[in-house]
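Single-structure report; data block below.
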Amino acid sequence: MTYKIHHEGTEILIGLAAVLLVLNVPAWIFIRPLGFPIGLTVVSAIFFLLVVNFFRSPRRRFRGEQKNLVVASADGKVVAVEKVYEPEYLKREVMQISVFMSVFNVHANWYPVDGEVIMAKHHAGRFLAAYLPKSSTENERSTVVIRTPEGQDILVRQIAGAMARRIVTYAQPGEHVTIEEHMGFIKFGSRVDIYVPLNSEILVKLGETTTGGITPVAKLHP
């Protein structure tokens, strides 16, 4: 697996580097003894590396049979596996699989299945803690529906959290997508929900960790 910096973070990292230079260079020139400049530089370097870590973008390839398989859209921890009614598009009872991403996780999101994008819609909303159940319907969010080659509609929802203030969604209706592609990116702490048919075989449990684009979370049945 190889890593690069996600393009969503390029401008932020350049701006942060400039701010840190403005803070550190005068400290080294004008402040004596050198204990304070050294400490400031160490703290600045650690903070910059943490932000770099947040915007890392691993290149992943799923190896295995993809037919009828749903994979995780995000890195994180499974915080919900339950039967719910999905009112926005599917309008029926489905199984919901939710993954919470901490600030230390990769925040790129992958498509959970291969297929055609049927719907992509952004909703304004609140910024409650993303692990709360009501964040699925009340928080800032984007909904994407992908129709598999076998004709099943899978809904995936990007949800902003208390710290997340921007959801980026690349999906466009009519596009043909694969699980190796990025569906979007959520900045600074968030959650992704996947909704699959009731008769699907769920492959993850509460508390398990997932790897976006890699971890199978459900198997679809005709």
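The values are calculated or read from the model by the stated rules, or taken from the named source; none is laboratory data. All values derive from a computational prediction rather than experimental measurement. Ideal geometry is used to build each Cβ from the backbone, glycine not excepted, and the neighbour counts take in all protein chains shown. Heavy atoms of the whole protein, side chains included, go into the accessibility calculation; ligands, DNA and RNA do not. Shrake-Rupley method; radii C 1.70, N 1.55, O 1.52, S 1.80 Å.
General observations
- Count of the range 58-77 residues which are closer than 20 Å to residue 184 by Cβ and in contact (Cβ under 8 Å) with a residue 60 or more places away in the chain: 11
- Of all residues in the range 1-44, those that are touching a residue at least 12 places away in the same chain (Cβ under 8 Å) and among the aliphatic types (A, V, I, L, M) total 10.
- For the range 169-202, a tally of residues being open to solvent by 10 Å² or more (accessible area, probe 1.4 Å) and either of a type in the set (Asp, Glu) or in contact with a helix residue (DSSP H, G or I) (Cβ under 6 Å, 6 or more places away or on another chain) (or both) returns 4.
- All positions within the range 205-214 that are more than 14 Å from the chain's Cα centre (by Cα) and surrounded by 13 or more Cβ atoms within 10 Å (Cβ to Cβ): 208
- Scanning the range 41-75 for residues that are part of a strand (DSSP E or B) and either open to solvent by less than 10 Å² (accessible area, probe 1.4 Å) or among the basic types (Lys, Arg) (or both) returns 56, 57, 58, 59, 70, 71.
- Flag if residue 111 is at pLDDT 95 or above, in contact with a strand residue (DSSP E or B) (Cβ under 8 Å, 6 or more places away or on another chain), open to solvent by 30 Å² or more (accessible area, probe 1.4 Å) and over 15 Å from residue 187 (Cα atoms): no
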